[in-house]
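Notes follow the structure.
Values in this text are rule-based calculations from the coordinates and carry no lab data. Worth saying up front: this structure is predicted, and the values here are computed from it rather than measured. Heads up, the Cβs are rebuilt from the backbone with ideal geometry, glycines too, and the neighbour counts pull from every protein chain shown.
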Amino acid sequence: MKRVVFITGNKYPAGDAGAIRQHMMAKIFQNAGCQVFVYSMGNSTNGKVQTYDGVEYISMRGNKTDKLSRILSRTTWGKRTIEDLQRRFKQIDAIVLIDDNPWLFRKVEKIGKQYGSKLIHDCVEWYSPEEYKWGKLDIHYRLKDYVNKKAINEKWDVISISQFLYNWFLERCHRTVKIPVILDMFDTEEPEFFVPNTNDKVIFTYAGAPGKKDYLDTILIGFSLLDKKLLGKVAIHIIGVNRDQLINACGVDAIIIDKLGTALNIHGRVPHEEAVSWVRRADFTLLLRDEKLRYAIAGFPTKIVESLKYGTPPICNISSDLGQYLVDQKNAIIIDGCNSESVEKAIRTALQMDAIDRVSMRKAARETAVKNFDYRLYGNHILDLLGE
């Protein structure tokens with residue numbers, strides 16, 4: 001049985017979207033007959049190996065919570081991971097690295113040579129300078145740029161989340177395969193997806209940590225353009241940020257928040273299960289990104305796939321590869337562009353639909369998720385990387 005080791009700076013097993021993707025990848029490798037072990041920076045496991053859904057893992061996060069200890073834990077986790085790996089394993093057939101630390105890439109290359117391991121990188125994003133206050137000088141931007149341009153070479157295989165990244169790495173690495181956002185589509189019950197909303201308002205939900213990349217300001221301006229009669233028919237739920245964050249981090253004008261009044265419900269951060277519940281109960285979820293910027297072209301919005309999984313049609317514009325999966329007024333409502341007027345038009349389309357139309361869209365959304373984004377569909381891609 002082949003041994004595959006994941007090294008990720010994400011909060012595995014389920015602390016963030018990246019960790020959920022890594023778990024789905026781990027399950028694919030398991031289904032391909034591999035024995036999988038994950039090093040992560042999730043909640044501390046006190047230096048002990050734990051098992052999550054059949055996958056062994058250990059967190060390299062320390063127990064101490066003071067600021068200095070947290071900084072040391074974060075800055076040394078890669079070194080400590082390599083040391084533990086070399087003590088723990090005598091055979092490693094493949095190493096899957098998910099991180100932006102150039103030192104770690106170089107170190108894993110040396111470890112790979114020592115063990116004769118395949119080197120695999122799961123690439124899910126490529127930032128745009130427009131996302132950051134300091135643009136190209138931002139350290140996060142520079143590290144990711146270095147990894148995608150320099151660290152990945154002919155020694156590496158790459159799992160690309162989008163066609164853009166697939167095309168980029170095709171001539172720059174040993175081999176690349178394309179795997180979009182993947183989830184377990186059968187870990188939840190189906191019947192509830194198709195129960196029509198009996199509320200007197202149409203429910204629109206955004207759930208996530210948007211910063212400025214998801215253009216919540218533009219979305220809410222779009223809602224504010226509705227006349228009072230239409231605005232009285234909607235309930236907007238923002239999950240993941242509070243009012244101050246909505247203003248200071250997302251750039252939403254307080255005047256817009258006040259204008260939306262009781263139509264806007266701001267919930268702040270909530271447990272993941274509660275956020276999922278809001279997505280399930282919504283008639284539509286909301287997402288808007290600048291489809292011309294690299295971050296939106298190279299990445300793939302997990303929020304859209306999660307929404308489809310729960311049978312909730314998204315209202316969004318076409319970024320990344322979404323055009324391959326979403327059809328306007330069938331499984332989604334497409335925003336034509338990245339401006340508030342286009343958002344308003346899409347909202348009006350949603351409000352014109354009756355309960356029967358919305359249930360039909362829910363069924364189509366769920367069907368799209370099952371046909372395209374279940375992790376079990378991508379076993380052959382992993383076998384290709386393993387050379388089988």
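Observations on the structure shown:
- Percent of Cα pairs in the range 345-388 per distance bin of 10 Å, from zero to the largest separation: 23, 29, 22, 15, 11, 1.
- Near-label residues of the range 139-164 by backbone N, under 20 Å of a point 7 Å along Cα→Cβ of Arg106: 139-157
- Each residue of the range 265-271 was assigned a 3J(HN,Hα) from its phi angle through the Karplus expression (A = 6.51, B = -1.76, C = 1.60, θ = phi - 60°), giving 10, 10, 9, x, 6, 9, x Hz with x at Gly and Pro.
- Cβ-Cβ distance of Gln114 and Gln30, R₀ of 30 Å, FRET efficiency by 1/(1 + (r/R0)^6): the value works out to about 0.75.
- Note on the chain: helix-only mean residue ellipticity at 222 nm, from DSSP H runs of 4+ residues weighted -39500 (n - 2.57) and normalised by residue number, equals -12000 deg cm²/dmol.
- Within a Gaussian network of the chain (alpha carbon springs, distance under 10 Å), most fluctuating of Ile71, Ile120, Ile219: Ile71
- Shown in residue order for the range 151-167 are the 3J(HN,Hα) couplings computed by the Karplus curve 6.51 cos²θ - 1.76 cosθ + 1.60 at θ = phi - 60°: 5, 7, 9, 5, 7, 10, 9, 10, 8, 9, 7, 9, 5, 4, 5, 4, 5 Hz (x for Gly and Pro).
- Amide H to amide H, with H built 1.01 Å from N, Arg3 comes under 5 Å of Gln35, Asp93, Ala94, counting only residues 5 or more places away or on other chains.
- Each of Tyr378, Tyr57, Tyr132 has some number of other Cβ atoms within 10 Å of its Cβ, and from fewest to most they run Tyr132, Tyr378, Tyr57.
- Extension gain (nm, one decimal) between Leu230 and Arg80, 0.36 nm per residue minus Cα-Cα: 48.3 nm
- Residue order, fewest to most surrounding Cβ atoms within 10 angstrom, among Ser342, Ser59, Ser40: Ser342, Ser59, Ser40
- For the range 191-372, taking Cα atoms only, Rg and Dmax work out to 14.9, 43 Å respectively.
- Shape annotation for the range 196-274: C-alpha extents along the principal axes are 31, 30, 18 Å, from largest to smallest.
- Here, P(r) means the percent of Cα pairs in each 20 Å bin from 0 to the largest distance; for the chain it is 27, 56, 17, 0.
- Listing Met185, Met1, Met25 from fewest to most neighbouring C-beta atoms within 10 Å gives Met1, Met185, Met25.
- Candidates Val55, Val96, Val181, ranked by Gaussian network fluctuation over the chain, Cα under 10 Å, top entry: Val55
- From the largest down, the range 7-158 spans 43, 41, 26 angstrom on the principal axes of its Cα atoms.
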